[in-house]
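Working notes, beginning with the structure itself.
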Amino acid sequence: MIVGGRRRPVVFGAPLHKRTAVAVLAAAVLVGGCTRGANEVETGAAAPVATAGGAATAAADTLGGNGTQAPNEQTTAAGDFGDLKGVCGPGDASGATAQGVTDDAIQVGTIADPGFVGRPGLNQEIFDSAEVFTAWCNDAGGINGRKIEDVERDAKLTEYKQRITESCQEDFMLVGSGGVFDETGQEERLRCMLPEIPGFQVSPEARASELSVSPVPAAIDELQVGLFRYLEDEFPGSTDRVGFLTGNIGSLVFVDAQAQDAAKQLGWTSVYKAQYNSTGEASWTPFAEALSSDKVEGVVYTGEPEGLAKLLQAMADIGYEPKWILAGTNVIDQGFIDVGGAAVKNVYAVASVVPPFLAEDNPATQQYLDLFGEFLPDGKDEALLGYQAFSGWLLFAGAVKQCGSDVTRTCVYDAARKVTDWTGGGLHAEANPSKDQGPECMMVVEATPKGFVIPDDFEPNDGLFSCSKDNIIKLTGDYGSGTTLESVGKSIDDLE
């Protein structure tokens, strides 16, 4: 692992049942980040079988192996992950075939924001996931024999553009990244023809940008509404009095607008709309009192978990309790429970990534936790953005492996772009990176003072997930567009 261009030694070291301060902007990708799935499988893939998540899928020979993993079967071979075989391993690849590529190594970059002074450790799970993957993959022999050298590029929230500029000069690609203000560096990234396989993306400019292949895509014109439908079914009449509360920065306002768009199409009635200070409120009581005064029965909250936890405490202090609160997947973190305590109730989140409390039911999730136990015991192994980033690393490794010795940006980008059926080895529901289509499958997770559970009345129809085309709704608003190669005077022909 390399930090700021310097190698950092890799640390080597030795769940609840179904009913039993995280990123400021994780919600921006996780509230609005799941889109339509696809039924295609990759050319040359093995015959579909039931994965750990229950969906019919196939592990393509070109991206990790020629077999799949049964739901309760643990993988033991070095370099295997979940239902992906031979993701990493020894080989005889050689040659300085591209920037960052040598006879025995591939240097890539990863961007996150843990150095932000306002929220120290913001999205640290992005770096932790990169460190664990790199240590595990290199321990297995690298990718076709080349070891991974990852450069952690800390954007500290406001320095994303600077980190992109540095990566342009040194790295082969960006892998597993996630930056709050990712819109600020997209033109620079495309101008230097730097492809990326991100962990998550926030802004419309990044989500729909070119030279980017996401393992769990997040569209700007569609929304996963499985949780919306669950709440209106379980709490009849509550959607006649809905309140929307979001942080006051652009990316969160964007996600909130998507949620309002979807709610309106579903026939919900909004009686309250407000924005809070994303850097923190001195008191959440005024918001609790306003929601209570307007007789809001359901709250759609967009933002960081700590703010929601404090809002819940303020609600409890005044004796106000909405029937439900719809929150981003980023609340599925023990830190949210720790801050909110007994006030945590009636909070629901949607997940397409299998959360860690279900590890005993999903071998890939358990393996992810085991790898943290082996390579980074003190790392953030339960934050779901880390799982998405790890999926990006798996996608990258499979694409590099397919390219053999001739590792060029064109080859790796094209190989990743051809993937039509992707679950990160079973870490999440099926997505289609080739068409930028996220999962149509989801699960409902409820937060309680004792931890997270799957509600008894949630009815999965495909393994752990509920899958339906009705889970996806087409949005009607104008949410901008992605950054294009043409906008910076480039074309795909310029990729080497």
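How do 303-315, 157-169 rank on mean C-beta neighbours within 10 Å, highest first?
Final packing ranking: 303-315, 157-169.
Multiplying the sequence separation of residue 269 and residue 474 by 0.36 nm and subtracting their Cα-Cα distance, what value in nm do you get?
This chain segment gains 72.0 nm when fully extended.
Run the quick spin-label model on residue 221 and residue 166: label points 7 Å from Cα toward the beta carbon, then report their separation in nm to one decimal.
Output for this residue pair reads 3.7 nm.
Report the equivalent ellipsoid semi-axes for the stretch 138-183 in whole Å, largest first, defined as the square roots of five times the eigenvalues of the gyration tensor built from alpha carbon atoms.
25, 11, 8
How big is the stretch 150-212 along each principal axis, measuring the range of its Cα positions in Å and listing the largest first?
Projected onto its principal axes, the Cα set of the stretch 150-212 covers 26, 24, 18 Å.
Which one, 293, 355, 394, projects farthest toward the positive side of the charge dipole computed for the stretch 288-425 from Cβ point charges (K/R +1, D/E -1)?
394
Normalising by the residue count of the stretch 101-237, find the relative contact order in percent from Cα pairs under 8 Å and 6+ residues apart.
Answer for the stretch 101-237 is 22 percent.
Past 21 Å, Cα to Cα, is the threshold; run 161/490; 161/418; 147/490; 156/435; 295/323 against it and keep the listed order.
Long pairs (Cα-Cα over 21 Å): 161/418; 147/490; 156/435.
Using only the alpha-carbon atoms, what does the stretch 77-160 span along each of its principal axes? Please give whole angstrom values in decreasing order.
That gives 46, 31, 16 Å along the principal axes, largest extent first.
Take each of the peptides 208-218, 454-464, 174-184, average the number of other beta-carbon atoms within 10 Å over its residues, and list them starting from the highest.
Averaged packing, sorted descending, gives the order 174-184, 208-218, 454-464.
Taking the Cβ-Cβ separation of residue 488 and residue 229 as r and a Förster radius of 35 Å, what is the calculated FRET efficiency to the nearest 0.05?
For R0 = 35 Å, the calculated efficiency reads 0.30.
How large is Rg over Rh for the stretch 292-448, taking Rg from the Cα atoms and Rh as the Kirkwood inverse mean of 1/r across Cα pairs?
Rounded to two decimals, Rg over Rh is 1.08.
Compare the peptides 342-348, 324-330, 150-156, 488-494 by average per-residue count of other Cβ atoms within 10 angstrom and give them in order, highest first.
324-330, 150-156, 342-348, 488-494
Values quoted throughout were computed directly from the atomic coordinates according to the rules given, and no laboratory measurement underlies them. What you see is a predicted model, and the numbers here were worked out from it, not measured in a lab. Quick reminder, even Gly has a Cβ in these numbers, built from the backbone with ideal geometry, and neighbours come from all protein chains shown.
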